[in-house]
Each structure stands twice: as structure tokens, then as C-alpha cells.
Amino acid sequence: MTAKKPTEAAPVPAPGRRRIIGTLTGLGAAAALSATATPAEAQNQRSSDAASRSRLSPRQVAAAFYASYNGDLAAGFERYISKDLVLHGFDGPNERSAWVAGDLELKASLTGYRLDVFDQIAEGTKVVTRWSLGGVHTGTILGIPPSGREVHLSGISVDRVVGGQSVEHWSEGNFGRFLEILRGENA
């Protein structure tokens, strides 16, 4: 009888490692999508961006979109939010253009603006994101003059992502309280 030399088992990846690598890959792809193209390359870049977006998972698309709130928000809307979006905003169905304009105004009106994502959960084509944004109110928001108050808006959004873009979006949050603080009511 001969003794067999024990064989080494292949290393087992740590739990969640595959998910982390997938997220990092998606964020890397999102960063690559944010590169600018020269005018001569613009058409090819748009085709390439669309192809790259469609390879991202719904979770990766949502992560890249919400990350754009702390960077080039207008580009984030352009890349990750469908022109044919069905929008269910804080006040019911709304128009994509109103969402874009409102969020760009909000970002420009808050000094020290920052959006933090606390959770993102994906199932199929839907991604749920729990977030909070805030800053110091130094510009006019929705006709409300600067107050110098620190304000925060938090909420939960659901995006249905198809072909690398959100095609339907729902949001719920503390928008009423946010407006009260902006106006100095019950602050």
C-alpha cells in the first residue's frame, strides 16, 4: 500500500467576491463611458457607448447613474436615462425634462452638494436605490431664495433598466419636509 501525497484544493473565493468584482467591472465600464470624444469621433463614440451600456447589468447602470450626481449629472442623464422614460416622480407622473432641469437646478443651488447611496438592490430589470443628498442652500431652488441652511433630501428610487438605460423611474422621499426647511418653516 502506497501513501498518496495530499493534493492541494483550489482556493475558494471569499463570499461576495464575485459580486464585488462585478460591481468594480461595471464601475470601470461606466468610467470608460464617461470619456469624451472629439467631434470627428462623436458618431462612433455614441454607437460604442450604446453597445457598452447594453453590456452593463441593471445594477451597474443604476450605480453609474447615481454616481453621476457627484460628477457630470447632465452626462449621466444623457447616458443612462432613456429619452422615452416613463417617470413617476414625487408628485405623480412627470416629464423627463422637468426631472433633469430640477435636479440640475438643485445641484447648482447647494454648496457642498453630495449624493450618497446607502443601498442598491437589483432583481431582474429593476434596481432599488436608497439615497440622500444635501448641501448648503446658497442658490434659488424652485423659486425659493437662498437661506444659508443646510438641507437634506432622502428617498428611495426604483429604476427599470433595459438596454443599458432606465426606461421607467419611481421616487418616494421626504420632499415636503425638504421644502419646509428650505423655506424656514418648522426648521
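The values are calculated or read from the model by the stated rules, or taken from the named source; none is laboratory data. For clarity, every value in this text was computed on a predicted model and none was experimentally measured. A quick note on method: Cβ atoms are made from the backbone with ideal geometry, for glycine too, and the neighbour counts reach across all protein chains shown.
Some points to look at:
- Once the range 84-105 is narrowed to residues that are aliphatic (A, V, I, L, M) and either in contact (Cβ under 8 Å) with a residue 40 or more places away in the chain or within 12 Å of Ser171 (Cβ to Cβ) (or both), the residue that is surrounded by the fewest Cβ atoms within 10 Å (Cβ to Cβ) is Val86.
- Scanning the range 128-163 for residues that are buried (at least 19 other Cβ atoms within 10 Å of the Cβ), in contact with a Pro (Cβ under 9 Å, 6 or more places away or on another chain) and over 17 Å from Gly89 (Cβ atoms) returns His137, Val161.
- Residue in the range 53-62 that is among the small types (Gly, Ala, Ser), out of contact with any His (no Cβ under 9 Å at 6 or more places or on another chain), under 25 Å from Ser171 (Cα atoms) and modelled with pLDDT of 75 or more present: yes
- Yes/no for Gly164 being among the small types (Gly, Ala, Ser), within 25 Å of Arg55 (Cα to Cα) and within 15 Å of the chain's Cα centre (by Cα): yes
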